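In what follows, a structure is listed as structure tokens, so that the remarks can point back to it.
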Amino acid sequence: MYIYDDFDETFVRERAAQFRDQVERRLSGALTEEQFRPLRLMNGVYLQLHAYMLRVAIPYGTLSSGQMRQLAMIARKYDKGYGHFTTRQNIQYNWPKLKDLPDILDDLADVGMHAIQTSGNCIRNVTSDQWAGVAADEVTDPRPYAELMRQWSSLHPEFSYLPRKFKIAITGAEQDRAAIAFHDIGIRVKRNETGEIGFDVYVGGGLGRTPMVAKKIGEFISVNDLLPYLIAILRAYNLEGRRDNKYKARIKILVHEKGAEAFKARVEEIFAGLDKDKLRAPQGELERIAKFFDNPAYETLEIEPASLREARADNKAFDAWVRRNVAAHKTDGYAIANISLKPVEGIPGDASAEQMELVAQMADDYSFGEIRVSHEQNLVLAHVKKSDLYTIWQALEANGLGTPNIGAITDMITCPGLDYCALATARSIPIAQKISHKFSSSERQSEIGDLKIKISGCINACGHHHAGHIGILGLDKKGEEYYQITLGGSGDENAAVGEILGPGFSADDVADAIDTLVERYIQLRSSEGETFLDVVKRVGLEPFKEALYADH
Amino acid sequence: MPIIKDGAEVRDDPWLMLTDEMDVPTEGDVIIPLALASEKAERLSNHNGRIGIAIPNDVNIEDYAALIGTADLIQLELPAFTDGRAYSQARLLREELGFDKELRVKGDVLVDQAAYLKRCGFDSFDFDGPFDAEIWARTLSIISSGYQRNYRDSLKHRGA
Ligand code: SF4
């Protein structure tokens, strides 16, 4: 993974010092809360219902064991002993004190971490495939480009007061695990017949009140042109994006109102005028970065060790975990071990300091000291020997981290909702807990197969409900929480926005409604291989509506 | 209304901002709003002094390349500190139109933004409110390095 050199280190230290100065000016009254607000936001500090919240950047979801230990230390020292991994592959602390924040940033800087641009109307932390560099279906490793964009976007002088926040995601695999179609800019790394790398660039995707699937405007943009091309898009947006209404300020609205073709033409016009040589990555910089992402020292191993086969045959729980949580690695004898942060009735994405430390230890012992965070709020050990899986699982299982539900119905994305968030119209965590309780049996989950439920506590859609195979949106009707259900959303390479089924359900009835939908799906599917989403696509919403509303 | 240039308050700013009702004086340095530029063009041609142009932030800078080429100062607007259009306009002026005279920003400038504004090409700042030279200097120098190259760049860059 990428390691800071002196340059990066100085930069992050100075940024921490700058924030300390800003906090001091706020505490002394030299800055009003209104003036301080954008400054703290640009450094990941929100004011929530009960306290300040700090969001720490985990660039494209990759961190070292040492960094993970530091995150655990911070959770213990400044928070209530846990942290929350987010859908942007970051981590949030819900209870820090304003006066402690500068110290936390110094502690982060000690391990090459920061909170730069994890909020605010600027370019946010760049996200990517959590299996980047190891997935069996990968065309090219997107991480060097993600790191290049991280650097380029950091304290960007021109793009720090955009109309709204700006999110970039990049993938290099066939299967899109980074949901690029729902980002302001989505990038697909490609390789042509001659082996050259280029980027397809999609723009104007997003969830929120007006969900939209991004449109492709750039076709096989060259590596050399990547940054100038991004600058052209951002400049067009910064100059022309709407600023009269915060709900219409995202780039998706500009692209939609102007039309994708016209927007593309504008970007190309700006791009043509750029003095590109000054804006490209410095000579040799990409090569320097790419070296950090060379393969670790894999050994030559048996493809399928006998010990693994035996352990699976002997232990049903382990076998269930392997089936759900272990994914194919590009290297023989290795596997990708996914660690679920969605235990039954737990808080999705939360991890205690002890759990973080255990994962750090597992990474040191078995996975080259590296950990990934997925946008589905789980953790990943990306390079483990298949022969070590059983030992790893035992340790995870003993610490509440062995839940075998990756991609299953209880592996839900859930926003913080009314328990934490000042904007929420309803709770979302308790709904997730009820659903997780209802489907807690792992046999039942494996019978159901792949099914993504996503829950948001208001129309801002931080829980990505539009992209859920089943989406749940918490609303408020005259002081009562109720939940609207959508079907057929998807964040993958066939991205789609879910459709509303009908009238909403009360907090007590949502889990039963989901149960009814799942039962209907089981009746409708033609084989076990036909997933929930496949069935919705084949039969449409009607049979599900009937099942839910027939007796009402 | 301090005007800040090179880290210090300008005591006698020579520039006079013209409004609708005002006649163009025969001499002295004047800033004329873009909307009045053509109306007052004739008077301006006999004017004895420097001419600046104030450009609103919803204007496409490239459409006024010729006019901008004759100006001695361009003033852009920050109606609210959150409205970042002038940052892009400034870069277009500096990097594409090659404007190399004084570039002033007027409006809701916060000291914490000054470093970004400077990197985009602004060299004078006109805003309401208190000016503290010490905070200004500290805030502008606290970050000594940058990942992007900028106009008249004074930051450190990797490898340099
Ligand atoms: S979706 Fe709404 S409730 Fe949930 S985190 Fe976002 S703003 Fe808060």
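The values are calculated or read from the model by the stated rules, or taken from the named source; none is laboratory data. Not measured: the values here are computed from a predicted model. All Cβ positions, glycine included, derive from the backbone under ideal geometry; neighbour counts span all protein chains shown. We work out accessible area using only protein heavy atoms, side chains counted, and drop any ligands, DNA or RNA first. Shrake-Rupley method; radii C 1.70, N 1.55, O 1.52, S 1.80 Å.
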Does segment B:76-88 include one or more residues that are more than 27 Å from A:F36 (Cα to Cα) and within 14 Å of another protein chain (Cβ to nearest Cβ)?
no
Would you confirm, using the coordinates I've provided, whether A:L27 is in a helix (DSSP H, G or I), open to solvent by 20 Å² or more (accessible area, probe 1.4 Å), touching a residue at least 40 places away in the same chain (Cβ under 8 Å) and not charged (D, E, K, R)?
yes
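Is at least one residue of segment A:171-180 farther than 20 Å from A:A135 by Cβ and either at pLDDT 95 or above or buried (at least 22 other Cβ atoms within 10 Å of the Cβ) (or both)?
Of segment A:171-180, the ones farther than 20 Å from A:A135 by Cβ are none.
Taking every residue of segment A:171-180 in turn, none turns out to be farther than 20 Å from A:A135 by Cβ and either at pLDDT 95 or above or buried (at least 22 other Cβ atoms within 10 Å of the Cβ) (or both).
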Reported set for segment A:261-275 where residues are open to solvent by 40 Å² or more (accessible area, probe 1.4 Å) and within 11 Å of chain B (Cβ to nearest Cβ) is A:E269, A:A272, A:D275
With respect to the numbered conditions (1) more than 10 Å from chain A (Cβ to nearest Cβ); (2) open to solvent by 20 Å² or more (accessible area, probe 1.4 Å); (3) aliphatic (A, V, I, L, M), which one is the sole condition not fulfilled by B:L97?
(1)
Is there a residue in segment A:213-225 that is more than 14 Å from every other protein chain (Cβ to nearest Cβ), crowded, with 21+ Cβ neighbours inside 10 Å and either closer than 20 Å to B:G84 by Cα or aromatic (F, W, Y) (or both)?
no
Considering only segment A:10-42, state which residues are touching a Gly at 6+ places or on another chain (Cβ under 8 Å), more than 7 Å from every other protein chain (Cβ to nearest Cβ) and modelled with pLDDT under 95.
A:L41, A:M42
Of a type in the set (S, T, N, Q), under 23 Å from A:V535 (Cα atoms), open to solvent by 20 Å² or more (accessible area, probe 1.4 Å) and not assigned by TED's automatic domain parsing to the domain that holds A:R250: is that true of A:N460 in this structure?
no
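Identify all residues within segment A:237-252 that are assigned to a helix (DSSP H, G or I), buried (at least 22 other Cβ atoms within 10 Å of the Cβ) and under 26 Å from the mean Cα position of the chain (by Cα); write none if there are none.
Within segment A:237-252, the subset assigned to a helix (DSSP H, G or I) is A:237-240, A:246-248, A:251-252.
Now drop any that are not buried (at least 22 other Cβ atoms within 10 Å of the Cβ), which leaves A:237-239, A:251-252.
Listed by number, the residues that qualify are A:Y237, A:N238, A:I251, A:K252.
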Quick check on segment A:410-421: of everything there that is open to solvent by less than 10 Å² (accessible area, probe 1.4 Å) and within 16 Å of the ligand (Cβ to nearest atom), which residue is nearest to the other protein chains (Cβ to nearest Cβ)?
A:G417
Over segment B:62-82, the set of residues touching an Asp or Glu at 6+ places or on another chain (Cβ under 8 Å) and not small (G, A, S) is B:E62, B:D72, B:L73, B:I74, B:Q75, B:L78, B:P79, B:F81
Restricting segment A:387-421 to residues that are closer than 22 Å to A:R312 by Cα, polar (S, T, N, Q) and not in a helix (DSSP H, G or I), the residue that is nearest to the chain's Cα centre (by Cα):
A:N405
Pair list, Cβ < 8 Å and 6+ apart or interchain, from segment B:35-62 residues that are within 14 Å of chain A (Cβ to nearest Cβ) to residues that are among the basic types (K, R):
B:N57/B:R85; B:D58/B:R85
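Those residues that are facing chain A (nearest Cβ under 7 Å) and of a type outside the set (A, V, I, L, M, F, W, C), I need them from segment B:109-137; list them, please.
Once the filter is applied, which keeps residues that are facing chain A (nearest Cβ under 7 Å) and of a type outside the set (A, V, I, L, M, F, W, C), segment B:109-137 yields B:D112, B:Y116, B:R119.
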Being crowded, with 17+ Cβ neighbours inside 10 Å, assigned to a loop (DSSP other than H, G, I, E, B) and under 14 Å from the mean Cα position of the chain (by Cα) narrows B:Y151, B:Y116 down to just B:Y151
Helices (runs of 4 or more DSSP H) wholly in segment A:30-135 with at least 2 residues that are outside the structural domain of A:I185 (by TED's automatic domain parsing) and basic (K, R) - which ones?
A:33-41, A:65-78
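Show me the strands (runs of 3 or more DSSP E) entirely contained within segment A:422-500 in which 2 or more residues are more than 12 Å from the ligand (Cβ to nearest atom). Talk me through it step by step, then tell me what you get.
Numbers: elements: A:453-456, A:470-477, A:480-487.
The strands (runs of 3 or more DSSP E) meeting that bar are A:470-477, A:480-487.
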